[in-house]
Amino acid sequence: MPGTAEAGVPNEIRDFWDEDAATYDRSSAHYPRRPQERAAWSATLRRLLPAPPASVLDMGAGTGFLSLLLAAQGYRVTAADISPGMLAKLRAKAADMELAVTVAETDALHPPEGRFDAIVERHLVWTLPDPAAALAAWHAAAPDGRLVLIEGTWDGRRTAVLSQFRARARMLAALIRQPEPHHPRQYTDQMNAALPFNGGLTPDDAVRLVEASPWGRARIERLRDIEWAVTEGLGPLDSLLGTHARWALTAGR
C-alpha cells in the first residue's frame, strides 16, 4: 500500500502540468512553429504510423502538437492528458484550425475506452511513476495496433564523449543567450523520487521497458530529419552545437 506522500505524487504531477499550460507553447522545443520543423514532424509521424484514417490515441497529448499534426493528415485522433489546462489549449487550437480531435482527461494508466490502431506519445514516459503499467494499459487499448514512443536524449549523459561535450556547450550557450520561456517551476524532490526515469529515458531503457511489456519486440531509429529541421537556418553556432538526439521506438504491428 503506497504511503501518503507517494500516493499524492500523481496529483502533484497533474498540478505541475496544469500550471505549465499557460506558458508551455512559448518554448519552441515544446511547440515548434517553423514550417520546416512542422513538416519534418508530419513526415515522420506519417512514416511511423499506419496510414490514415487509422485511429490514433495520443497519450500525454499536452497542448496538442502531435494530435493536431495527425488530425491534419486525416487520422482519427483521440488526445488524452491528465491536465485540464493543457487540454483546454488543445481544444481551442483544434477549433481555430477546424480540426476534429476527441479529447479525454485521464491519466496514463487509464486510456479512454475504445480500440485504437496506434498509440503515440512524446516525452511522456519519464513523467510516469509506473511506466510498465502504463505500457500494459496502452496495449490493452490497442491489442492489434502499433506503439510509437517519441523520445530524446536531453543532457548527453550515458552517451559518447562528443555528444556530452555538445550537450554541455548547448547548456552554456542557453545561459548566455536570452533564455526561452520554459517551465515556471521544477519537479520537487518527492516527485522525482517517485519516477524511475526522472533523469531521462535512454534508448536502452526504452527498449528494455517495451520488450518486457505485452508489446514485445521493439524497433528503434534516430529521427535525424527532425534534428536537421531544428538547426537548419539558425546560424553557424547552432549548426556547430547541433541539438539533442531524437529517436522513436515502435512495437506491435
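Length gained on full extension, Glu221 to Arg208, computed as 0.36 nm times the residue gap minus the Cα-Cα distance: 3.2 nm.
Applying 1/(1 + (r/R0)^6) with R0 = 22 Å to the Cβ-Cβ distance of Thr231 and Ser42 gives a FRET efficiency near 0.75. Coupling constants for segment 12-26 follow from the phi torsions by the Karplus curve (6.51 cos²θ - 1.76 cosθ + 1.60, θ = phi - 60°), and in residue order they are 4, 5, 4, 5, 4, 6, 5, 5, 5, 4, 5, 10, 4, 6, 6 Hz; glycine and proline get x. Couplings 3J(HN,Hα) for segment 75-85, derived from phi with the Karplus relation 6.51 cos²θ - 1.76 cosθ + 1.60 (θ = phi - 60°), are 6, 8, 10, 10, 9, 10, 7, 7, 9, x, x Hz, where x marks Gly and Pro. Sequentially through segment 125-131, phi angles give Karplus couplings (6.51, -1.76, 1.60; θ = phi - 60°) of 4, 5, 8, 9, x, 9, x Hz, Gly and Pro residues having no value and appearing as x.
Taken together, the values in this text are just the output of simple stated rules run on the coordinates, not laboratory data. From a predicted model like this one, the values you see are computed outputs, not experimental measurements. Glycine also receives a Cβ, built like all others from the backbone with ideal geometry; neighbour counts cover every protein chain displayed.
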